[in-house]
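The values are calculated or read from the model by the stated rules, or taken from the named source; none is laboratory data. On a predicted model such as this, the values are computed, not experimentally measured, just so you know. FYI the Cβ positions are ideal-geometry reconstructions off the backbone, even for glycines, and counts take in every protein chain you see.
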Amino acid sequence: MASQPIRKPTRLEPWQDPGQTPYVRIDRVTKRFGDFVAVDEVSLSIHRGEFFALLGGSGSGKTTLLRMLAGFETPSDGKIYIDGVDMTGIPPYERPVNMMFQSYALFPHMTVEQNVAFGLKQDRVPKPEIRDRVAEMLNLVQLGQFAKRKPHQLSGGQRQRVALARSLVKRPKLLLLDEPLGALDRRLREQTQFELVNIQERLGITFIVVTHDQEEAMTMSSRIAVMNHGKIAQVGTPSEVYEYPNSRFVSEFIGSVNLFEGIVAEEQSDHVLIRSEEAGCDLYINHGVMVPPGTRVAVAIRPEKITLAKEAPAAADGRNLARGLVREIAYLGDMSIYLVQLAGGKTVRVTAPNVTRRTEMPITWEDEVYLSWQPFAGVVLTQ
Amino acid sequence: MSGLIHRLMTRGRGLVVAVPYVWLLLFFLVPFLIILYISFSEAVIAQPPFTPLAELVRDEDFGTTKLQILLNLSNYQRMFEDDLYILAYLNSVKIALITTLACLLIGYPMAYAIAKAPPSRRGTLMMLVILPFWTSFLIRIYAWIGILKGNGLISNFLQWAGITAEPFEILYSDWAVYIGMTYVYLPFMVLPLYATLEKLDPALLEAAADLGSRPFRAFLQVTLPLSLPGIVAGSLLVFIPSVGEFVTPELLGGPDTLMIGRVLWNEFFANRDWPVASAVAVALLLFLVIPIMVFQHVQGRQMEEAR
């Protein structure tokens, strides 16, 4: 992860509080298209004011789930409640929800102003009020001077902001965003991430955003639901899903990871010891896993949690210590990625910040190195 | 070497562009100039049945030869003096407008339904719209005679159902012309309408619904304005040939169904007055150039917006 989470660590974690009723409740929702199950018995609770990300690859069911919240698809099974109201049979135009479309879906025959005013016109809001609220929205997204332009006269970033203004102008309690930054280039995307989070915090609206970009999900959201094959693989805060992935899929989907196959040799409440031929050493982890000795498991270790050294670290007891040859080095400026081949043949990915200037080259190609990590670094994956 | 290829390429491009121009020149501009020429001549009983405009005249007194050009304007004058022509033009426009409106009212729902059908079925449905073109136009009109005449399908059905006691004849009336022309020109309305409706991004209607618009309002505010280019194109494709239509009113219309196409036919073939017929044709063309220019203008603007 190159960028740090921009969301301030918030003390408010409504999902931790059992007394809170969730704003959106998805109750065992399934969506089938013919034989294909797009969404498979998904249950989720999303609270007021959350910035909730549905993260997954293409075909994971994340967009179908979002479209069911908007009312464009009806669940084959299960129910969706928004603010306690069962949404079954309620058409999109009667839901207290607005959506920002991936393609933006701006009306090409209307000006920016008319696009933003469209939703208010449907509710027969008085003309002067429409004018004020549209102006306010265009100011919020800094498009005041483009009010009279048609969508085809705008850049991609400007269109994205018109789409955002149009979906916010009705002051929805819940905003659905379908790949809101997908069509923007990288630089604009990073800048817009900040803007989205700022707007969301300022207006206090619940956001549910669909994205395939894990970095985007990590930086913006309060919680992430990782989806795979129509099911929820894991729900948690960005740091939870990154640091404590519950499955191989999640660990590999979010960030990069080294997975070591092994067999549980010792299981205690305060530690576990895993014998791994792949790693060429015993893996010692300082928490229990509740699986009996002899079980095959995988241990996930993030590349930045492994330390590289040319000398064996002092006080090494042979655990959490592997040896290998440096095969590849990718220099990224702020850090470098090392691909180290272990004696058993497995290639391990290690990232290290470049604390010294590169010219000194502390570790270089074909060096024999020691890889070591702390007892807290590994996560045991039983799935 | 690359220069040669470049020259050949540009020449090839020029040739490709030249083909339609040559076509238009040979089969449109030259015949039009001939008609324009005849429209300024006088009718004579001869072969060809009109006088030449230019003549070499030998002046015996002075022994000189003069090129004498005589432009006869009376053919055009006659079109203003005899109300037959003006009435025929007005009636043609009326029939063409009603035909266009009927085609639009029937064709829009058809095109809309085809555009909304599952993609696998659209091809078949479009095929059904185009299918009548595979049968001769005349045969299809004669089939309508069988349907509309006094002891035809419609009349027999109405009598059988007990709605009328007498045979009900629609044939040889303006109504028969409206029915026949709407039938003939309907595909010309459906095709451009389908093309614009099919391109319409379904996400736009979802966005309208999401912003609180009920389906019918969404249709009025989004679908209809965005299909306007198709409406204009289809209407002109129906209106322009309808004004000059001859066969349908001749076969289905009554003796008093006055249309400029029939007047034209009578002048050419019954009266053998080629100069007047040519003047009527030139006037019709000038009259139709206006909607054609509107069509071009709308299309040009649309292309610019699609950029």
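Quick notes
- Among the residues making up the stretch A:87-131, those that are touching an Asp or Glu at 6+ places or on another chain (Cβ under 7 Å), facing chain B (nearest Cβ under 8 Å), under 15 Å from residue A:168 (Cα atoms) and outside any loop (DSSP other than H, G, I, E, B) are A:98, A:99.
- Residue count, the stretch A:329-374 (criterion: in contact with a Pro (Cβ under 9 Å, 6 or more places away or on another chain), of a type in the set (D, E, K, R) and buried (at least 18 other Cβ atoms within 10 Å of the Cβ)): 1
- Selected residue [within 30 Å of residue B:52 (Cα to Cα) and in contact (Cβ under 8 Å) with a residue 24 or more places away in the chain] from B:251, B:285: B:285
- Long-range neighbours under 8 Å by Cβ, at least six apart or interchain, first residue farther than 17 Å from residue A:152 by Cβ within the stretch A:94-115, second acidic (Asp, Glu) and part of a loop (DSSP other than H, G, I, E, B): A:96/A:83; A:102/A:179
- Within the option set A:269, A:247, A:251, being under 27 Å from residue A:294 (Cβ atoms), surrounded by fewer than 16 Cβ atoms within 10 Å (Cβ to Cβ) and touching a residue at least 12 places away in the same chain (Cβ under 8 Å) holds for one residue only, A:269.
- Hey, residue A:208 modelled with pLDDT of 90 or more and buried (at least 17 other Cβ atoms within 10 Å of the Cβ) or not: yes
- Residue that is more than 14 Å from every other protein chain (Cβ to nearest Cβ) and either among the aliphatic types (A, V, I, L, M) or surrounded by fewer than 17 Cβ atoms within 10 Å (Cβ to Cβ) (or both), where the choices are A:140, A:154: A:140
- Restricting attention to the stretch B:128-166, the residues that are in a loop (DSSP other than H, G, I, E, B) and loosely packed, with under 13 Cβ neighbours inside 10 Å total 9.
- Of all residues in the stretch A:355-383, those that are at positive phi have Cβ atoms under 7 Å from Cβ atoms of residues that are of a type in the set (A, V, I, L, M, F, W, C) and modelled with pLDDT of 90 or more, 6 or more apart or on another chain, in A:366/A:325; A:366/A:326.
- Annotation: of all residues in the stretch A:65-81 being within 14 Å of another protein chain (Cβ to nearest Cβ) and either outside any loop (DSSP other than H, G, I, E, B) or of a type in the set (Val, Ile, Thr) (or both), the one that is surrounded by the fewest Cβ atoms within 10 Å (Cβ to Cβ) is A:74.
- If the condition is being in contact with a strand residue (DSSP E or B) (Cβ under 8 Å, 6 or more places away or on another chain), of a type in the set (D, E, K, R) and closer than 18 Å to residue B:77 by Cα, then the stretch B:259-287 contributes only B:273.
- Looking at A:161, A:166, just one residue is buried (at least 17 other Cβ atoms within 10 Å of the Cβ) and away from every other protein chain (no Cβ under 14 Å), and that residue is A:161.
- Restricting A:47, A:109 to those that are in contact with a helix residue (DSSP H, G or I) (Cβ under 7 Å, 6 or more places away or on another chain) and surrounded by fewer than 19 Cβ atoms within 10 Å (Cβ to Cβ) reduces the list to A:109.
- Of the residues making up the stretch B:59-74, those that are surrounded by 11 or more Cβ atoms within 10 Å (Cβ to Cβ) and either at pLDDT 90 or above or out of contact with any strand residue (DSSP E or B) (no Cβ under 9 Å at 6 or more places or on another chain) (or both) are B:72, B:74.
- Test: residue A:292 is in contact (Cβ under 8 Å) with a residue 40 or more places away in the chain and not hydrophobic (A, V, I, L, M, F, W, C): no
- Index of the failed condition, residue A:383 passing every other in (1) buried (at least 19 other Cβ atoms within 10 Å of the Cβ); (2) modelled with pLDDT under 90: (1)
To keep it simple, each residue is scored yes or no on (1) in contact (Cβ under 8 Å) with a residue 60 or more places away in the chain; (2) of a type in the set (A, V, I, L, M, F, W, C); (3) not in a helix (DSSP H, G or I).
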position: A:184; (1), (2), (3): no, yes, yes
position: A:189; (1), (2), (3): no, no, no
position: A:193; (1), (2), (3): yes, no, no
position: A:201; (1), (2), (3): no, no, no
position: A:210; (1), (2), (3): yes, yes, yes
position: A:215; (1), (2), (3): yes, no, no
position: A:232; (1), (2), (3): yes, yes, yes
position: A:240; (1), (2), (3): no, no, no
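Results for (1) farther than 30 Å from residue B:119 by Cβ; (2) in contact (Cβ under 8 Å) with a residue 12 or more places away in the chain, shown as yes or no for each residue.
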{"residue": "B:131", "(1), (2)": "no, no"}
{"residue": "B:137", "(1), (2)": "yes, yes"}
{"residue": "B:170", "(1), (2)": "yes, yes"}
{"residue": "B:204", "(1), (2)": "no, yes"}
{"residue": "B:218", "(1), (2)": "no, yes"}
{"residue": "B:221", "(1), (2)": "no, yes"}
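- Checking each residue in the stretch A:281-328 for being crowded, with 17+ Cβ neighbours inside 10 Å and more than 31 Å from the chain's Cα centre (by Cα) picks out A:281, A:282, A:321, A:322, A:324, A:326.
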